[in-house]
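A.B. asks: Right, I'll just put the structure down here and ask away after.
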Amino acid sequence: LGAAAVNQGPPSYGPYALALAGNHLAIASTESKDVRVLDTATRTMRPVIAKTVGSPYFPAWSPDGKRLWVPTQSPDALAEIDAETGKVLRNQALGSACVKPHEVVATPDGARLYVVCEGDHVGPGRVLVLDAATWTVTASPEVGVYPDRLVVVYK
C-alpha cells in the first residue's frame with residue numbers, strides 16, 4: 001500500500017475493507033484513516049489517497065464509478081469521496097441515528113444508500129436507508145444485535 005509498510009511493529013495502514021468496481025478496488029484502511037484505490041488490471045496503486053476523519057469501513061462505489069460512499073467510525077459519519085481526486089465532497093455526522101456505521105450498499109441506480117449500523121453490540125443495530133442525493137433518512141429499521149454486513153437481492 002505504500003513505502004511505509006513494514007512487517008513488524010504497529011500497522012501503518014490497517015487495510016480492513018474492500019469494494020470492487022470494474023478494475024478498481026477501493027481499500028479502506030482503519031489505521032491510516034484513508035481510502036486508496038488499486039488498479040487491478042495493472043496491479044498498481046493509483047496516486048490518489050482520500051483521507052477520512054474517522055476510521056473507514058466498507059465503502060460503496062457509485063454506479064458510474066466516479067464516487068465512493070464511505071462509512072467511518074470515531075466519529076460516526078458518512079463521507080462521499082471523488083474517486084478521481086480523493087477530495088471529500090461531503091461528510092456528515094450520523095450521531096445517534098447510526099452508531100458505528102460499518103458498511104454502505106448502493107442500489108444499482110445509485111438512488112438509495114443502505115448504511116449498516118453496528119450499534120453498541122448489546123442492543124439492536126439498524127440499517128439506515130438514505131436518499132443518495134440528499135442523504136435524507138427514509139427508513140431506519142432495527143435489524144438485531146451487532147449487524148455486520150448487508151446483501152441486497154434485486155429481482
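A.B. asks: From the list I27, I49, which residue is open to solvent by 20 Å² or more (accessible area, probe 1.4 Å) and in a strand (DSSP E or B)?
C.D. replies: Of I27, I49, the one residue that is open to solvent by 20 Å² or more (accessible area, probe 1.4 Å) and in a strand (DSSP E or B) is I49.
A.B. asks: Could you please find all residues in region 48-63 being under 17 Å from V129 (Cα atoms) and polar (S, T, N, Q)?
C.D. replies: Listed by number, the list holds a single entry, S62.
A.B. asks: Yes or no: E84 closer than 30 Å to T138 by Cβ and of a type outside the set (K, R)? It would help to see each step written out before you state the result.
C.D. replies: On the way: closer than 30 Å to T138 by Cβ: yes; of a type outside the set (K, R): yes.
Taking the combined requirement at face value, the residue satisfies it.
A.B. asks: How many of the residues making up region 62-107 are in contact with a Lys or Arg (Cβ under 8 Å, 6 or more places away or on another chain), charged (D, E, K, R) and within 15 Å of H24 (Cα to Cα)?
C.D. replies: Summing the residues that are in contact with a Lys or Arg (Cβ under 8 Å, 6 or more places away or on another chain), charged (D, E, K, R) and within 15 Å of H24 (Cα to Cα) in region 62-107 gives 2.
A.B. asks: Residue under question is L38, and the condition is that it be open to solvent by less than 60 Å² (accessible area, probe 1.4 Å) and in contact with a Cys (Cβ under 8 Å, 6 or more places away or on another chain); does it hold?
C.D. replies: no
A.B. asks: Quick one: what pairs do we get from region 1-24, first residue farther than 30 Å from P63 by Cα, second modelled with pLDDT of 65 or more, C-beta under 7 Å, 6+ apart or different chains?
C.D. replies: A4/S12; A5/S12; A5/Y13; V6/S12; P11/E31; S12/E31; S12/S32
A.B. asks: I would also like to ask the following. Return the residues of region 30-46 that are within 18 Å of K87 (Cβ to Cβ), of a type in the set (S, T, Y) and not in a loop (DSSP other than H, G, I, E, B); say none if nothing qualifies.
C.D. replies: none
A.B. asks: Inspect region 91-109 for any residue being of a type in the set (S, T, Y) and more than 18 Å from W61 (Cβ to Cβ) and give the result as yes or no.
C.D. replies: Going residue by residue through region 91-109, those that are of a type in the set (S, T, Y) are 96, 107.
Next cut, more than 18 Å from W61 (Cβ to Cβ) only: 96.
There is at least one residue in region 91-109 that is of a type in the set (S, T, Y) and more than 18 Å from W61 (Cβ to Cβ).
A.B. asks: Check every one of the strands (runs of 3 or more DSSP E) wholly within region 57-155 and list those with 2 or more residues that are surrounded by fewer than 17 Cβ atoms within 10 Å (Cβ to Cβ) and modelled with pLDDT of 95 or more.
C.D. replies: Numbers: elements: 67-73, 77-82, 88-93, 101-106, 112-117, 124-131, 137-139, 142-145.
So the answer is 88-93, 124-131, 137-139, 142-145.
The values are calculated or read from the model by the stated rules, or taken from the named source; none is laboratory data. Predicted, not measured: the structure shown is a model, and the values here were computed from it. Here the Cβ is made from the backbone with ideal geometry for all residues, glycine too, and neighbour counts use every protein chain on show. Remember, those area values only see protein heavy atoms, side chains included, never the ligands or the DNA or RNA. Shrake-Rupley method; radii C 1.70, N 1.55, O 1.52, S 1.80 Å.
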